[in-house]
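Encoded as structure tokens, the structure appears first; notes follow it.
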Amino acid sequence: QVQLVESGGGLVQPGGSLRLSCVASGSFFRLVTMGWFRQVPGKQRELVAQITTGGTIDYADSTKGRFTISRDNAKNTLYLQMTSLKPEDTAGYYCKASLGSRDLWGQGTQVTVSS
């Protein structure tokens, strides 16, 4: 069964850091583009960052310079290192695998930035 499982979310103060992880089951991980998205209730899910199989990376303008996406193909794991967190970064964070015929999503992990 192919699935994605995120972890690492939590409550952090403004200016703090968190590292999210997304572990993929199945042999597809190293063959597909992976991405992190976030969603606030009542709003559309938005791209945070994505990384291709070749290592090409794109960031949303709001996260450039603060967030770093990376992947470890040997561990089937996608990471998102978040620094200088702001209250507006509060959201559910989801990882996505672009499988071609469909997208595979994880269940999400909540990040709350508050003092």
Checklist line | Per-residue HN-Hα couplings for segment 29-42 [Karplus 6.51, -1.76, 1.60; θ = phi - 60°; Hz; x = Gly/Pro] | finding: 3, 6, 9, 10, 6, 10, x, 10, 10, 9, 8, 9, x, x
Note to self: Considering just Cα atoms, how many Å³ per residue does the convex hull of the chain enclose?
What the structure shows: 98
Item checked: Cubic angstrom per residue, convex hull over Cα atoms of segment 1-62 -> 126
Check: Over the heavy atoms of Ile51, what accessible area does a 1.4 Å probe trace out, to the nearest 10 Å²?
Finding: 10
Notebook entry, point to check: Around Val48, which amide H atoms from residues at least 5 apart in sequence, or from another chain, sit under 5 Å from its own amide H, with H modelled in the peptide plane?
Noted result: Trp36, Phe37, Arg38
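Test of understanding: given the chain, find the longest segment containing no trypsin sites (Lys or Arg not before Pro) that are in a DSSP loop and have at most 11 other Cβ atoms within 10 Å.
After excluding every exposed loop site, the longest remaining stretch is 1-42.
The values are calculated or read from the model by the stated rules, or taken from the named source; none is laboratory data. Just so we're clear, the structure is a prediction, and the values are computed from it rather than from any experiment. Methodologically, a virtual Cβ is constructed for each residue, glycine included, from the backbone with ideal geometry; neighbour enumeration extends over all protein chains shown. These area figures cover heavy atoms from the full protein model, side chains too; ligands, DNA and RNA do not enter into them. Shrake-Rupley method; radii C 1.70, N 1.55, O 1.52, S 1.80 Å.
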